[in-house]
1. I'd like the full set of residues that are part of a loop (DSSP other than H, G, I, E, B) and touching an Asp or Glu at 6+ places or on another chain (Cβ under 9 Å), limited to the stretch 73-97.
2. Determine whether the stretch 48-63 contains at least one residue that is assigned to a loop (DSSP other than H, G, I, E, B) and under 22 Å from residue 171 (Cα atoms).
3. Specify the residue that is surrounded by the fewest Cβ atoms within 10 Å (Cβ to Cβ); the eligible residues are those in the stretch 1-31 that are in contact with a helix residue (DSSP H, G or I) (Cβ under 7 Å, 6 or more places away or on another chain) and over 16 Å from residue 175 (Cβ atoms).
4. Can you tell me how many residues in the stretch 154-206 are more than 17 Å from residue 20 (Cα to Cα) and assigned to a loop (DSSP other than H, G, I, E, B)?
5. Tally time: how many residues in the stretch 97-143 are buried (at least 20 other Cβ atoms within 10 Å of the Cβ), within 20 Å of the chain's Cα centre (by Cα) and aliphatic (A, V, I, L, M)?
6. Hey, among the residues in the stretch 172-206 that are loosely packed, with under 12 Cβ neighbours inside 10 Å and within 21 Å of residue 111 (Cβ to Cβ), which one's nearest to the chain's Cα centre (by Cα)?
7. Could you pull out the residue among 117, 87, 149 that is touching a Pro at 6+ places or on another chain (Cβ under 8 Å) and among the small types (Gly, Ala, Ser)?
8. For the subset of the stretch 32-49 comprising residues that are modelled with pLDDT under 95 and of a type in the set (A, V, I, L, M, F, W, C), which member is surrounded by the fewest Cβ atoms within 10 Å (Cβ to Cβ)?
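The values are calculated or read from the model by the stated rules, or taken from the named source; none is laboratory data. None of these values were measured; they are calculated from a predicted model. In this analysis, Cβ positions are derived from the backbone assuming ideal geometry, glycine residues included, and neighbour counts consider all displayed protein chains.
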Amino acid sequence: MTLAETLENLLPLDSTLRFGELRLSRSAKGLYRAVHSRNEASEEALEKLESLKELRELAKFDANNEYRPLKTAPTLKCGWITECEDSADFIGRLDAVYPGLFATWVAYDRGELTPVSLRNTLDRQTGMYRFAGTINDQMANRIMREVCSPGCLRKIAWPIDDQCAVSRIKPNERYIPALCTEACTFAVSTARELVKEAYDKANAPE
């Protein structure tokens, strides 16, 4: 089954779904729409975005015109709408806002994508990040609590290590889960900072 066919099954005629900060809908006639879930204005008053370029530009900056280095940060602008009739075209529009996120969920849900543990990700690092893999579990939990949870919409699907069991995220009729299947550069950078902080504290002169 293609991604387009999967979308058609997940979003049948006359239905809605949540996806990240988006509200997706498909009319009784088959028209796909995506708007920000916090939009207060009527759809008629929203700015219509028709091209992938416009949607990519939208995703670059928040409401204060600050650059968004993480596209799944909960800072997407409101006040717009994009719509089309073709499911493959609609996936392209979703990818412009959330690159690869829909395909990631589909692959995970099909059992075709295995999350990479945090320690495996950190152990691959080189250069100034090569010591990041020496974090302890307390530090790992701090990363998830202080970096991942407040700053990203994705649900963590990866374990801390390969021996740590993690419950699989299940499908939901009301939303398409936004998944994190491998720790990102923000988590890696924080791991390095925590290791350095612990080292400096342990070796501080008395």
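1. 73, 74, 75, 76, 77, 78, 79
2. Checking the stretch 48-63: not a single residue is assigned to a loop (DSSP other than H, G, I, E, B) and under 22 Å from residue 171 (Cα atoms).
3. 4
4. 18
5. Residues in the stretch 97-143 being buried (at least 20 other Cβ atoms within 10 Å of the Cβ), within 20 Å of the chain's Cα centre (by Cα) and aliphatic (A, V, I, L, M): 6 in total.
6. 172
7. Step by step, each of 117, 87, 149 is checked, and only 117 is touching a Pro at 6+ places or on another chain (Cβ under 8 Å) and among the small types (Gly, Ala, Ser).
8. Once the filter is applied, the top-ranked residue is 45.
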